[in-house]
Amino acid sequence: MDARPNSPEARDISYHMHGYTNARKHEEAGPLVIEKGDGIYVEDLAGNRYIEAMAGLWSVAVGFSEKRLVDAAVRQMSKLPYYHDFGSKSHSPLIDLAEKLVQMAPVPMSKAYFTNSGSEANDTAMKMIWYRSNAIGQPARKKIISRIRGYHGVTIASASLTGLPNNHISFDLPIANVLHTATPHHWREGLPNESEEQFSSRLADDLEKLILAEGPETIAAFFGEPIMGAGGVIVPPARYWEKIQAVLSKYDILLVADEVICGFGRTGEMFGSQTFGIRPDIMVLSKQISSSYLPISALLINEKMFEPIADESNRIGTFGHGFTGGGHPVAAAVAFENLKLIEERDLVGNARRVGAHMQKRLRELASHPLVGEVRGVGLIAAVELVGDKANKTPWETAGALGGLVNCFMQQNGVISRNMGDAVAFCPPLIITEPQVDEMIDAFERSLEAAAGQVG
Ligand code: PLP
């Protein structure tokens, strides 16, 4: 870090409070200031180049230097830099994007609704679900079930849906009416000799017990990511989604697929819902929708959602919800161009092909003494590190080894992220096989360096 008083690092410490950062430690360690992007690489102020193994925050599908997205933004900025959709106003970028998303959906969807972030989109989903329950004359149906270790964002409602301690502790969350059911992590939570399928059945039974204990007439919806991302890249066990959906249908409970990470190719299909046979009533989309070049998110809702909501808005006089920046024309134009690029360049196929190579390379590390589990699908994966392989227990404290490997990764020219002891890989969808090799070679070196310290 540049310690001069007026360096960008010093000014960052003076003036900027960071998200997801230990604010006291940051005062000592300072930031890593990223200055430029080039394909799958980013460069810091000192000119060090890194592979962005997390695509930013699981989000930059087309890489960090896509001129066509810049041009789309400039074109739209020059023509109509801002408009909104309140009071029946509309604009072409929003209409184009809404049509495209509804047509891309893997199950019949009726309408797209635009928001600015994944958190806002999940908040909006929850509000729409409550509104619908009132509209259909079932006002008691307000409880929402999500999962321990699920991640749905950080606003009051979406952080409540999130099932991670750091999003609840000292924020006085979760709010009432949000319930959490078990994490579908077979390696960690499965019983001795329990097959993946038996484990899935047990979790579906647990879900049903929870619904019956609460009263099925009080449960409105279930929220889940096809693959849990921020919870540590948890890939669902065999037949999990099939069994969960059978329980939800039995009690007429809506299903929300939070596709914020999985959507637009990450799993080697356009949507994670396709990979796992999920048939959602609402899909929540963000991140790779615009490769995060500009903030935008969307909900796709089916007729079962839209029809009663439309009636209720007619009864009340308006659907009293909307964001100033929702469906922003510049963000919508960039998203539309980004989706065209994903299709034209077959980045979904690339995620499948190059993803298979990444999964293979990572699985070759499964026998390493510090590797507990390698998991993933397509271009998303995690390697969970352990101190004691037989007992699946951490080295020193939970997260210490993950943090150590992550530091070595940065020294080896890769920006990755550890969720506790799970080191995640979620590179831009444009990554090539040789670049995957470069990334995993650096990971192997980092693992060896960590092994040297673990002893
Ligand atoms: N849902 C999922 C699955 C996510 O991974 C995230 C962010 O990582 C969110 C929602 C929240 O999105 P945002 O950070 O844009 O509010």
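For Gln138 and Leu212, FRET efficiency with R0 = 22 Å and r from the beta-carbon atoms, rounded to 0.05? Present the calculation step by step, with values, prior to reporting the outcome.
Numbers: r = 17 Å, r/R0 = 0.79.
Computed FRET efficiency for Leu212 and Gln138 comes out at 0.80.
For region 334-455, what D do you get in µm² per second when you plug the Kirkwood radius from alpha-carbon pairs into Stokes-Einstein at 25 °C and 0.890 mPa s?
The calculation lands on 164 µm²/s.
Restricting attention to region 82-141, which trypsin sites (Lys or Arg not before Pro) occupy a DSSP loop and are surrounded by at most 13 other Cβ atoms within 10 Å?
When the trypsin sites (Lys or Arg not before Pro) of region 82-141 are filtered for loop state and at most 13 Cβ neighbours within 10 Å, Lys89 remain.
Order by neighbour count: Leu45, Leu203, fewest other Cβ atoms within 10 Å first, most last. List each step's numbers first, then the result.
Values: Leu45 16, Leu203 25.
By the 10 Å Cβ count, ascending: Leu45, Leu203.
When Glu28, Glu194, Glu337 are ordered from fewest to most other Cβ atoms inside 10 Å of their Cβ, what list results?
On the way: Glu28 9, Glu194 15, Glu337 26.
Going from sparsest to densest Cβ surroundings: Glu28, Glu194, Glu337.
Considering just Cα atoms, how many Å³ per residue does the convex hull of region 1-40 enclose?
Convex hull of Cα atoms, per residue: 91 Å³.
Using the basic label-point model (7 angstrom from Cα toward the beta carbon), what is the Asp44 to His368 distance in nanometres?
In this crude label model, Asp44 to His368 measures out at 2.1 nm.
Based on the Cα gyration tensor of the chain, what are the three equivalent ellipsoid semi-axes, each the root of five times an eigenvalue, rounded to whole Å and given largest first?
Values: eigenvalues 235, 167, 87 Å².
The answer is 34, 29, 21 Å, longest axis first.
How would you rank 442-449, 101-108, highest first, on the average number of other Cβ atoms within 10 Å across their residues?
Ranking, from highest mean packing down: 442-449, 101-108.
What are the extents of the Cα atoms of region 1-117 along their three principal axes, listed from largest to smallest and rounded to whole Å?
53, 33, 31
Which value, in debye to the nearest 20, describes the size of the charge dipole of the chain about its Cα centre when Lys and Arg Cβ atoms bear +1, Asp and Glu Cβ atoms bear -1, and nothing else is charged? Before the final figure, lay out each step's value.
Working: 43 positive and 54 negative charges, 126 e Å.
Result for the chain is approximately 600 debye, rounded to the nearest 20.
Sticking with the crude label model, points 7 Å out along Cα→Cβ, report the distance from Ile156 to Asn314 in nm, one decimal please.
Placing both labels 7 Å along Cα→Cβ, they lie 3.2 nm apart.
Is it possible to state the helix-based mean residue ellipticity at 222 nm for the chain, with each DSSP H run of 4+ residues giving -39500 (n - 2.57), the sum divided by total residues, to the nearest 500 deg cm²/dmol? What is it?
Working: 16 runs with 189 residues, N = 455.
Only helices count here, giving -13000 deg cm²/dmol.
Could I have the simple spin-label model distance between Ser78 and Glu35, label points 7 Å from Cα toward Cβ, reported in nm to one decimal?
Output for this residue pair reads 3.0 nm.
When the Kirkwood radius is taken over all Cα pairs of region 94-203, what Stokes-Einstein diffusion coefficient follows at 20 °C and 1.002 mPa s, in µm²/s?
Roughly 131 µm²/s, to the nearest whole number.
Using per-residue counts of other Cβ atoms within 10 Å, averaged over each peptide, order 67-78, 410-421 from highest down.
Ranking the peptides 67-78, 410-421 by packing returns 410-421, 67-78.
Once fully extended, how much extra length lies between Arg188 and Glu242, figured as 0.36 nm per residue of separation less the alpha-carbon to alpha-carbon distance?
Values: separation 54, 0.36 × 54 = 19.44 nm, distance 2.09 nm.
Going from the current span to full extension adds 17.4 nm.
Report the Cα centroid-to-centroid distance between region 228-270 and region 414-455 in angstrom, as an integer.
Centre-to-centre (Cα) distance: 26 Å.
Fully extended, how many nm does the chain gain between Lys304 and Ala3 (0.36 nm per residue separation, minus their Cα-Cα distance)?
102.6 nm
Coordinate-derived values only; no laboratory data. Fair warning: this is a prediction, and the values are worked out from it, not measured in the lab. Please note: Cβ atoms are built from the backbone with ideal geometry, for glycine as well, and neighbour counts cover all protein chains shown.
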